[in-house]
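Visitor: My questions all concern the structure below.
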Amino acid sequence: MAKKQENLSIINNGLTVEGTVSCKGRLLINGTLKGVLEGEVIEIGQQGAVFADTKANSVTIGGTFEGEIRVNDLIIQSTGKLNGKALWRNNVVVEPGAVLNGDVKQIKENQDIMPD
């Protein structure tokens, strides 16, 4: 049986992207993103920085995030920093050493994370 191929996109160290980014699959950010971000699985690496309003299924923050985030599952790693507003549905994990500043609220089951 063929293994499902996962889409992987990378914003690497030294690259800055400004504007609206929409990504299917997994997005790894080690550079800088400013603007609006929509995706399925987003990972912000230790060197990554996102300054954006973000909607996604899953976000892992190992670097810096500033803005509003609407997500099903949110993980802030020990090296991660979130400043802003976080709206989450299923799970939130804040590892020891992580920084979380802002308004954090759970979204009700019937509220849409990614409204049209």
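Visitor: Pull up the range 26-51, narrow it to residues that are buried (at least 23 other Cβ atoms within 10 Å of the Cβ), under 20 Å from residue 85 (Cβ atoms) and hydrophobic (A, V, I, L, M, F, W, C), then point me to the one that is nearest to the chain's Cα centre (by Cα).
Guide: Filtering the range 26-51 for residues that are buried (at least 23 other Cβ atoms within 10 Å of the Cβ), under 20 Å from residue 85 (Cβ atoms) and hydrophobic (A, V, I, L, M, F, W, C), the one nearest to the chain's Cα centre (by Cα) comes out as 42.
Visitor: Tally up the residues in the range 72-81 that are under 21 Å from residue 39 (Cβ atoms) and in contact with an Asp or Glu (Cβ under 8 Å, 6 or more places away or on another chain), please.
Guide: Residues in the range 72-81 being under 21 Å from residue 39 (Cβ atoms) and in contact with an Asp or Glu (Cβ under 8 Å, 6 or more places away or on another chain): 4 in total.
Visitor: Moving on. Does any residue of the range 2-9 turn out to be free of Cβ contacts under 8 Å to residues at least 60 places away in the same chain, surrounded by 14 or more Cβ atoms within 10 Å (Cβ to Cβ) and not hydroxyl-bearing (Ser, Thr, Tyr)?
Guide: Filtering the range 2-9 for residues free of Cβ contacts under 8 Å to residues at least 60 places away in the same chain gives 2-9.
With surrounded by 14 or more Cβ atoms within 10 Å (Cβ to Cβ) added as a condition, the list becomes 9.
Imposing the further condition that a residue be not hydroxyl-bearing (Ser, Thr, Tyr) reduces the set to none.
Within the range 2-9 (the criterion being free of Cβ contacts under 8 Å to residues at least 60 places away in the same chain, surrounded by 14 or more Cβ atoms within 10 Å (Cβ to Cβ) and not hydroxyl-bearing (Ser, Thr, Tyr)), the answer is no, since none of the residues qualifies.
Each value in this text was obtained by applying a stated rule to the coordinates, not by laboratory testing. If you're wondering where the values come from, they're calculated on a predicted model, not measured in any experiment. Cβ atoms come from the backbone with ideal geometry, glycine included; neighbour counts cover every protein chain shown.
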